[in-house]
Amino acid sequence: MTSVHGSARSFSGAGPTHLWGLLLAGSAFLALLLPGPVRASNDGDVIRLLNQRNCPRCKLQDADLVHADLRDADLRGAKLQRANLGQAKLDGARLEGADLRFTSLQGASLRGADLRGANLEGTDLRQSDLSGALLDPGGLARSHWQDARGVGPAVLSYPELHNAGVTAALEGRHPQAEQLFSEAIRLQPEAAISWVARGLSRTEQGKTELAAQDLSYAAVLYGQAGEEAQAKQLTEVATALLKPGKKANQGSGMGGQMLSGAAGFASALAPLAMKFLLPLAF
């Protein structure tokens, strides 16, 4: 397993906002604007799908299927790369083993759909409904699932949860960020960076005692990894948070200010975020 611990380097002048920006490490996504829909590689397969909803292993690359009613369709093993299925109805559809690389499913309804074994690299699932959908553990790791409904922690991997927490923190949604970091910690309790991130989110909410506990435990983990500089700084920050009067600093970014000199905490997240730098198909 890849280490999530960073090395301490000199880093001065970074405020809490910049620290969160570094933690994100480029996990914002760039949508590529492509020209209008391209004709499918096999128009006969498109007609068959729309008429029969039974098209396993069909060749549907680049097909324009916006708003298509494909409820309960059989698309097992279908080639759907770069297809536009935005706002389509795919409730109960069988998509096992389908190739959905860089396919747009933005706003689509996939309630109860079977996506096990599907290739979801770069798939746009934003604002889609995945309630009850069957997914492989970590199957969304290389897709774009922001604001999708029905996506629970059970189908998200540690990097997905951690990065989603950073995004929520950057947007000021600290209670949600805290919850996401908690789920990330549940999956990888040895990941010190997630304890640090949750501690920062808790300081933003004025939860100084809980934040101090998180940072203290992160210090233990860094110490066990031989990262004495980080461990020492985290211990000092945790102690400072518990001093009288610190609870009044709710939302002040105090934890971020105290940790602004630790570039290791920011750089440790970069490997988690870089895997998400995939272009959107639409």
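Bear in mind these aren't lab numbers, they're just calculated from the coordinates by the rules spelled out. Remember, predicted model here, so these are calculated numbers, not experimental data. Cβ sites come from the backbone with ideal geometry, for glycine too, and all protein chains shown count toward neighbours.
Summary of computed values
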item: Zone residues, the range 57-72, relative to Ser131, backbone N less than 13 Å from point 7 Å out along Cα-to-Cβ; result: none
item: Estimated dipole of the range 33-143 in Debye, rounded to 20 [Cβ of Lys and Arg +1, of Asp and Glu -1, Cα centre]; result: 120 debye
item: Separation of alpha-carbon centers, the range 92-110 and the range 150-208, rounded to whole Å; result: 27 Å
item: Contour minus Cα-Cα distance for Arg116 and Lys232 (0.36 nm per residue); result: 37.3 nm
item: Gain on full stretching of the segment that runs from Arg71 to Arg48 - 0.36 nm per residue minus C-alpha separation; result: 6.8 nm
item: Ranked Ser194, Ser216, criterion: other C-beta atoms within 10 Å, fewest first; result: Ser216, Ser194
item: Pairwise FRET efficiency - Asp147 versus Gln205, Cβ, R0 = 25 Å, nearest 0.05; result: 0.65
item: Peptide ranges 201-210, 224-233 listed from the most packed, as the mean C-beta count within 10 angstrom indicates; result: 201-210, 224-233
